[in-house]
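Here is the structure we will look at.
The values are calculated or read from the model by the stated rules, or taken from the named source; none is laboratory data. Only a predicted model underlies this, so the values are computations on that prediction, with no experimental measurement involved. Glycine gets a Cβ as well: all are built from the backbone with ideal geometry, and neighbour counts include every protein chain shown.
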Amino acid sequence: MRALLRGVPRFGIAGLLMLLVLLLCASIVLYPVVFIVAESLNVGEPGVFPPEQLSLRNFASISQDVGVLVNTLLVAFGATVMAVVIGFVLAWILTRTNIPGRTRLERLMELPYYMTPLVGAMAWAVLAAPKNGLLNQVWHGIGGRGDLFNIYAPLGIAWVMALFEGTVAFVMISAAMKSMDPSLEESSRVFGAGKLRTALRITLPLVAPGVLSAFVFVFAEMLGAFAAAFVLGIPGRFYVVTTAIWEATQSFPPEYGRAAALGLSLFAAMVVTLTISKLIMRRGAYATITGKAFRPRPIDVGHARWPLLAVAWGYILVSVILPVGALLLTSFQRFATVNLADSVFTVSNYVTAMSTGTLGQAFVNSLILGLSVATIGVPVIGVLTWIIYRSQMPGRTSVEYVLMFPQAVPRLVFGLGLLWAWINIPIPIYGTLWLLGIAYFTVFLPLGLRTMAGVVLQVDRSLEECARVCGASWMHQMRTVSLPLLRPGIAAAWLLIFIASVRELGASIFLMGPQSKVISPAIINAWLSSSSELSAAMAMILTATVFAAVILLFTVARRFSGAREV
Amino acid sequence: MNRSGLSKAAVLAVCMMISPLLGGDASAADAVCAKPRQMDGFKTCADVDKAEQEGALVLYSPDPEEGSAKLMNAFHQAFPKINTNFIRLQTGALYQKLMTERRAKSYQVDVLQLTDMGFVLDFQKRGGYVQYVSPEMDGYKADNMSTPKGYWTWSSYIMAGLAYNSNLVKPEDAPKSWKDALDPKWSGVINAKTVTSGLQHVAWYELQKLYGDEYFDKLAALQPRGFDSYVQQFDRMISGQDQIAFTAQYSAYLLAKAKGAPVAFVFPTEGLATTPGVMGIVADAPHPNAAQLFMDWFLSETGQKAYDAIMSLNSPRIGAPPPPGGLPLDQVKLLYPTDWQAFLETRPEFAKVWAKVTGTR
């Protein structure tokens with residue numbers, strides 16, 4: 001026991017508590033994994049545990065899905081590159097330059113994430129569908145031939161995924177940039193390097209852990225992304241692993257074995273990516289928050305601030321203004337027509353959306369889950385991050401791999417694993433919000449860990465050691481040194497987990513029951529079985545509600561922190 | 001094949017399956033309660049007080065979200081003390097969800113609607129339905145109900161043919177038969193349903209009997225896009241992204257036409273692919289009395305009228321009028337399986353073929 005707790009603070013209770021948290025989290029991740037692995041080997045009746053007949057046939061049949069796997073890797077890689085580039089450029093513009101209205105713009109950057117990939121994909125289908133997409137209609141109107149855009153093509157899918165998942169990259173990278181020691185940039189400038197050269201040679205390497213963290217995380221997210229591929233891929237007959245899994249699990253008898261095997265095959269791709277990223281991180285010393293006093297100061301970019309401002313607003317235009325505008329227009333149409341000039345406008349879609357009564361409860365449930373999962377999850381994840389990156393506890397690296405597992409398998413497959421795992425225990429939580437809460441915590445462990453890890457790695461160990469040398473207890477050191485330094489990471493993790501929970505789709509779609517409906521599957525259902533006008537009205541109501549909730553949350557948070565400071 | 005042929009085959013299959021389980025006198029089990037209570041527009045054997053005490057009703061149905069929501073609202077308005085809820089999934093997915101829940105002894109649902117007789121018979125064989133002989137079942141033909149009656153009852157005829165965008169396709173160019181739908185000119189502008197649809201399974205089953213596997217090789221060459229519900233099929237066709245819909249639901253056409261959409265329907269010369277909507281009370285339902293009350297209301301003239309107004313489907317209730325603007329059942333030629341058990345067994349084969357047709361594999 002003593003050996004096990006080596007490196008953990010000598011507080012017996014705290015150490016035991018940490019060990020407990022670690023074991024608990026590892027088991028809630030591993031428990032559904034056992035079911036996924038069992039099902040991938042099951043060639044008997046699907047969904048029966050323990051399986052009656054075992055074989056590797058499901059893995060062998062992956063050879064028939066090579067096309068789907070290639071599609072997935074291509075789209076995920078393309079989307080990740082786009083998302084990280086967009087995230088890096090925007091983070092640099094908004095945290096390191098002096099463009100006007102930075103603080104407000106930074107808030108606006110989060111809007112696409114609140115909009116969700118599902119709503120984003122629905123909106124871009126209205127904007128850039130071949131033949132009747134609004135942008136293509138404008139193009140035809142000015143005499144253009146053929147279609148300018150085809151959002152159903154792989155590039156279109158990657159574009160939508162990048163726009164609406166990309167905010168994660170932005171949040172992660174800008175958290176790293178905010179915590180960066182600017183004196184290194186200043187030295188570079190003093191020695192005559194240009195602004196671009198400084199950004200590429202100094203800023204980029206300094207925030208490399210954040211960027212790398214974001215890349216790995218976003219890549220995994222894209223591999224398992226479902227909504228955009230579902231809304232845009234199916235009309236284009238372009239299938240990725242998640243949409244193929246969806247089709248496989250929705251028919252009867254369901255091909256659960258194939259779905260589980262496909263999901264696990266993506267795990268291999270993720271292990272490779274994660275290992276590479278860990279090797280890179282180990283190579284360099286990335287501590288940029290040191291004992292020296294500094295305050296990140298923006299660089300004066302002179303006249304370049306206007307084009308940079310345009311870039312930031314350009315992103316808002318394509319990710320918020322155009323999509324919201326398109327949905328708004330569609331939501332007032334009687335039916336979506338090939339020609340905009342033929343449109344008949346009505347408010348009946350809103351009347352129907354409000355009167356069906358299924359959305360209200362789903363909104364409330366999603367908000368309850370978002371608030372509770374983020375508030376309970378963040379402290380737990382904080383402890384986990386500290387154990388993994390700061391303590392000497394043996395086996396902590398393997399624990400990190402275990403906790404990252406939910407990110408490495410498509411959410412749909414992990415969702416099935418959670419379903420089988422929790423429906424097969426004698427505690428009656430299936431069909432309740434409790435199950436969704438546990439599921440969200442499990443699947444968002446990697447999101448929280450990645451977000452906080454980027455910041456933890458940057459805090460120089462010497463600051464904590466200094467506190468301990470000066471006689472501070474571990475608790476006192478955490479309260480006065482570690483936690484304040486980690487605050488940007490903690491805030492980012494809370495917000496990301498809150499929003500990720502509110503918009504969660506892949507796991508919820510299998511886990512929600514009649515009494516525990518949540519919003520994204522409700523919208524998907526509306527989209528699947530209601531007209532695009534009605535779905536647009538529902539999406540507009542969702543977007544407005546989420547925006548209102550976020551504004552309310554920020555207002556309350558600001559008042560609360562303001563009151564405390566006073 | 002005619003309608004009664006379909007129903008008789010179903011009844012025969014059911015009798016064969018469940019007769020060993022019955023043992024006793026089937027007619028006694030078929031009896032309605034001694035004194036049905038007259039409600040507003042329907043009769044019931046349910047204990048209304050208990051139903052209201054239960055205070056909730058949960059429906060699982062493949063009907064579009066909007067349709068199920070409206071149906072549940074209509075029942076809730078009739079019984080404001082009973083809150084309603086539903087889960088909407090395509091029939092294959094719904095049955096699979098139900099099976100997962102029941103295997104784990106998790107009982108969430110009271111009333112179940114399925115649109116695939118194969119699943120209905122399978123569920124009955126597994127003891128999934130509970131028997132309740134509604135006084136309103138007198139309004140239905142024996143071959144539209146389980147034997148003995150009370151396990152499930154047909155609640156609609158869901159029929160599908162072909163439909164096209166009348167702005168983009170001239171009537172003389174439109175297909176007249178299922179075979180015409182294979183014309184290469186429809187390549188890339190045709191859509192269909194996904195593998196989860198019971199109706200799509202019926203269409204495949206019947207067309208395979210008529211034209212063999214070759215039909216689907218040719219269909220696959222047209223690269224049809226597969227969609228989960230008729231709403232998406234019609235949405236894309238009306239918006240001009242596709243020109244024709246394969247396995248286009250007649251009710252969807254009636255609803256779209258009523259909205260003024262540019263859409264026309266083709267009754268293929270071979271007949272309309274048809275599957276019934278089947279409603280029954282689930283065993284171990286959390287709200288059994290509310291479920292009985294709902295069945296009575298739903299099967300009554302009042303309930304069927306409300307349902308048909310929402311869904312534009314043809315009701316199997318004797319004497320029920322066709323949906324607004326629609327043809328009555330005796331004026332259309334229907335295609336459906338004669339042996340539902342054999343039909344159920346073809347599902348894996350259908351899934352394989354349909355994955356190729358819609359390009360999922």
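Considering (1) surrounded by fewer than 24 Cβ atoms within 10 Å (Cβ to Cβ); (2) within 14 Å of another protein chain (Cβ to nearest Cβ), the lone condition that B:LYS176 does not fulfil carries the number (2).
For (1) in contact (Cβ under 8 Å) with a residue 40 or more places away in the chain; (2) surrounded by fewer than 24 Cβ atoms within 10 Å (Cβ to Cβ), each residue gets a yes or a no:
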| position | (1), (2) |
| --- | --- |
| B:ALA261 | no, yes |
| B:PHE265 | yes, yes |
| B:GLU270 | yes, yes |
| B:ALA273 | yes, no |
| B:PHE294 | yes, no |
| B:GLY303 | yes, no |
| B:TYR307 | yes, no |
| B:ILE310 | yes, yes |
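Taken together, B:TYR107, B:TYR95 contain a single residue that is within 24 Å of the chain's Cα centre (by Cα) and at the interface with chain A (Cβ under 8 Å from one of its Cβ atoms), which is B:TYR95. Sub-7 Å Cβ pairs linking a first residue in region B:55-81 that is on the phi > 0 side of the Ramachandran plot to a second residue that is assigned to a loop (DSSP other than H, G, I, E, B), at least 6 apart or interchain, are B:GLY55/B:LYS81; B:GLY55/B:ILE82, ordered by first then second residue. Of the residues A:SER348, A:SER398, the single one that is under 27 Å from A:CYS25 (Cα atoms) and surrounded by fewer than 20 Cβ atoms within 10 Å (Cβ to Cβ) is A:SER398. Taken over region A:478-508, the residue count meeting the criterion of being surrounded by fewer than 21 Cβ atoms within 10 Å (Cβ to Cβ) and among the polar types (S, T, N, Q) is 2. Whenever a residue of region A:63-82 is touching a residue at least 40 places away in the same chain (Cβ under 8 Å) and surrounded by 16 or more Cβ atoms within 10 Å (Cβ to Cβ), its partners that are in a helix (DSSP H, G or I) and of a type in the set (Lys, Arg), lying with C-beta atoms within less than 9 angstrom and at least six residues away or across chains, give the pairs A:ASP65/A:ARG258.
Answer yes or no as to whether B:GLN77 is more than 11 Å from every other protein chain (Cβ to nearest Cβ), surrounded by fewer than 23 Cβ atoms within 10 Å (Cβ to Cβ) and of a type in the set (S, T, N, Q). Answer is yes for this residue. For region B:248-266, taking the residues that are among the aromatic types (Phe, Trp, Tyr) and within 19 Å of the chain's Cα centre (by Cα), the one that is farthest from the other protein chains (Cβ to nearest Cβ) is identified as B:TYR250.
Residues in region B:211-247 that are part of a loop (DSSP other than H, G, I, E, B) and modelled with pLDDT of 90 or more were compared, and the one that is nearest to the chain's Cα centre (by Cα) is B:PRO224. When B:ALA342 is tested against (1) within 11 Å of chain A (Cβ to nearest Cβ); (2) under 19 Å from B:LEU121 (Cβ atoms); (3) aliphatic (A, V, I, L, M), only condition (1) is not met.
You will find that of B:SER300, B:SER312, the residue that is within 25 Å of A:SER348 (Cβ to Cβ), in contact with a helix residue (DSSP H, G or I) (Cβ under 6 Å, 6 or more places away or on another chain) and away from chain A (no Cβ under 12 Å) is B:SER312 and no other. Taking the conditions exactly as written (over 18 Å from the mean Cα position of the chain (by Cα), farther than 27 Å from B:PRO135 by Cβ and surrounded by 16 or more Cβ atoms within 10 Å (Cβ to Cβ)), does B:GLY359 satisfy them or not? The answer is yes for B:GLY359. For region B:32-57, the tally of residues that are more than 26 Å from the chain's Cα centre (by Cα), small (Gly, Ala, Ser) and surrounded by fewer than 15 Cβ atoms within 10 Å (Cβ to Cβ) stands at 2.
Per-residue answers, yes or no, for (1) in contact with a Phe, Trp or Tyr (Cβ under 9 Å, 6 or more places away or on another chain); (2) outside the structural domain of B:ALA245 (by TED's automatic domain parsing); (3) among the basic types (Lys, Arg):
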| residue | (1), (2), (3) |
| --- | --- |
| B:ALA309 | no, yes, no |
| B:ASP339 | no, no, no |
| B:GLU345 | no, no, no |
| B:TRP354 | yes, no, no |
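In this structure, B:LEU207 does satisfy being under 25 Å from the mean Cα position of the chain (by Cα), away from chain A (no Cβ under 11 Å) and closer than 21 Å to B:PRO184 by Cβ.
If you filter region B:179-195 down to residues that are within 14 Å of chain A (Cβ to nearest Cβ) and surrounded by fewer than 15 Cβ atoms within 10 Å (Cβ to Cβ), you find that the one that is modelled with the lowest pLDDT is B:GLY188. A single entry from B:GLU136, B:GLU66 fulfils the requirement of being modelled with pLDDT under 90 and assigned to a helix (DSSP H, G or I): B:GLU66. If you go through region B:231-244 and keep only what is farther than 10 Å from B:VAL189 by Cβ and more than 7 Å from chain A (Cβ to nearest Cβ), you end up with B:GLN233, B:PHE234. With respect to the conditions (1) more than 7 Å from chain A (Cβ to nearest Cβ); (2) surrounded by fewer than 23 Cβ atoms within 10 Å (Cβ to Cβ), B:THR100 lacks only one, and its number is (1). One residue stands out among those in region B:80-92 that are more than 7 Å from every other protein chain (Cβ to nearest Cβ) and either modelled with pLDDT under 90 or within 19 Å of B:THR196 (Cβ to Cβ) (or both): the one that is surrounded by the fewest Cβ atoms within 10 Å (Cβ to Cβ), which is B:LEU89.
Listed by first and then second residue, the pairs linking a residue in region B:140-166 that is under 20 Å from B:VAL332 (Cβ atoms) to a residue that is in a helix (DSSP H, G or I) and modelled with pLDDT of 95 or more, with Cβ atoms under 6 Å apart and 6 or more places separating them unless they lie on different chains, are B:MET159/B:TYR250; B:LEU162/B:ALA181; B:ALA163/B:TYR253. Restricting the search to region A:38-69, which residues are within 11 Å of chain B (Cβ to nearest Cβ) and assigned to a loop (DSSP other than H, G, I, E, B)? Within region A:38-69, A:GLU45, A:PRO46, A:GLY47, A:VAL48, A:PHE49 meet the criteria. For region A:516-544, a tally of residues being at pLDDT 85 or above and part of a loop (DSSP other than H, G, I, E, B) returns 3.
Among the residues of region B:190-245, those identified as touching a helix residue (DSSP H, G or I) at 6+ places or on another chain (Cβ under 9 Å) and small (Gly, Ala, Ser) are B:ALA192, B:SER197, B:GLY198, B:ALA220, B:ALA221, B:GLY226, B:SER229, B:SER239, B:ALA245.
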